[in-house]
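Laboratory data are not the source of any read-out in this text; all were calculated from the coordinates shown. Keep in mind that what you see is a predicted model, and the values were worked out from it rather than measured. For neighbour counting, all protein chains shown are included, and Cβ atoms are generated from backbone atoms with ideal geometry for every residue, glycine included.
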Amino acid sequence: MAPIVSSGQYDYDLLVIGGGSGGLACAKEATGFGKKVVVLDFVIPSERGTTWGIGGTCVNVGCIPKKLMHQAALLGESLHEARSYGWNVPNSISFNWESLVEAVQNHIKSVNWVTRVQLRDKNIEYVNGHGVFEDAHTVVAKMKNGKERRITAKDILIAVGGRPHYPDFPGCKEYCITSDDIFSLSTPPGNTLVIGAGYIGLECAGFLRGLGYEATVMVRSVILRGFDRDMVNLVQAEMEEKGVKFLIGKTPTKVSKQPNGKLLVEWLGNKVIEQGEFDTVLVATGRKALSKELNPLAAGLEVHPESGKFTVNAEQTNVPNIYAVGDVLHERPELTPVAIQAGKLLAARLYNGGKEHMDYDNVATTVFSPLEYGCVGLTEDEAINRFTEDKIEVYHAYYKPTEFFIPQKNVKNCYLKVITLLEAPQKVLGMHFIGPQAGEVIQGYAAALK
């Protein structure tokens, strides 16, 4: 393939800051329309020193390793159930954490390699440097070796995503890990305290318990904030039945290392200081966008004062030639498929006369808890707030998955909830599903809801 030449006064037609799913999707699409593209990607090491290759959060420390470890936990459960289906499974079954981590990391590295090959094949230049704005058309790439490279582009796409937030209490950064670290942890995590009860915290606690480790979730107030309350209660109940402990209404105040190597965690609850010993403390109290690290003011960019993210109109920031996709967008779903689609559609509009815009409404999502929770559309509370309670109808149903029958698994948390408008034709506003393969099940209904 012949080299692609920039069509104007700049080095490149498009400069993408961030080598994650959304940025790469836009870059690949743009080169397909004959544009000269460069991608900057650089991973600032975690507090523990963890780094990774190109591909962004999803590939390296998010969806992919999370789902692989979730699958490992499900397989462990299936081994025990297999006896009921006639399989002669030994009574003594063991699990090896190091083997799982090695398999997961080998897969991730293969995806990193394939991504680099794809960029090369499409004549997209890859720069392993930390991009910082100099002005609205200029970015300085700061390399590991201290060298800098000044790059100009007609259009710039911000797709830097975010990183875990560390709460402010003594010992947090020194002794705690985050989702940046858990999937490459070289030693078994052992008895683990997860601080935070969003989807990341619950998913990690769930697969750790499924792999045989003690897991405790500490939450200051609400579990799975933003999700339907009925469903959240069932997710929590299922996790408790599988052995995950919950510390509700507790706030960590200190973590210190004991002479025996364990971590002593102190927390406040009901005005009383309590404490416990753990092998690992995983912090999952939210994520922060990497917007400030870009020196956005130099380009005239405005960030939302509370979230630190970019408020956009059709992915366009307040600076006309600078765009953003993915987890750096204010009040947009932080989901990989959303970022990918937004990136593709943006490239088509910029370089191929496309008219279609990203539809951020009614996007399906799944919490990969031990019994998965998939949903699309409004929660019951959101529907009531938007339409009032007397104008909606809510349908509930418990069901029994066929595969649960023979091993006599507990079905009391397998549940379905559909929220509709009361008046004909009873338009569906939201659907919520808890059960095996919830992520796959909800996808079809999401398409129908559209």
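Quick notes
- Residue satisfying all of: in region 16-74; acidic (Asp, Glu) and in a loop (DSSP other than H, G, I, E, B); farthest from Thr138 (Cα to Cα) among these: Glu47
- Check on Thr251, in contact with a Lys or Arg (Cβ under 8 Å, 6 or more places away or on another chain) and either surrounded by fewer than 20 Cβ atoms within 10 Å (Cβ to Cβ) or in contact (Cβ under 8 Å) with a residue 60 or more places away in the chain (or both): yes
- Residues that are more than 17 Å from Gly210 (Cα to Cα) and within 23 Å of the chain's Cα centre (by Cα) within region 87-110 comprise Glu102, Ala103, Gln105, Asn106, His107, Ile108, Lys109, Ser110, listed in sequence order.
- Checking each residue in region 85-143 for being touching a residue at least 40 places away in the same chain (Cβ under 8 Å) and in a loop (DSSP other than H, G, I, E, B) picks out Phe95, Lys122, Asn123, Ile124, Asn128, Gly129, Ala136, His137.
- The lone criterion from (1) within 23 Å of the chain's Cα centre (by Cα); (2) in contact (Cβ under 8 Å) with a residue 40 or more places away in the chain; (3) surrounded by fewer than 20 Cβ atoms within 10 Å (Cβ to Cβ) left unmet by Glu241 is number (1).
- Highlighted here would be strands (runs of 3 or more DSSP E) found entirely within region 257-375 that include at least 3 residues which are out of contact with any strand residue (DSSP E or B) (no Cβ under 7 Å at 6 or more places or on another chain), over 19 Å from Ile156 (Cβ atoms) and not hydroxyl-bearing (Ser, Thr, Tyr), but there are none.
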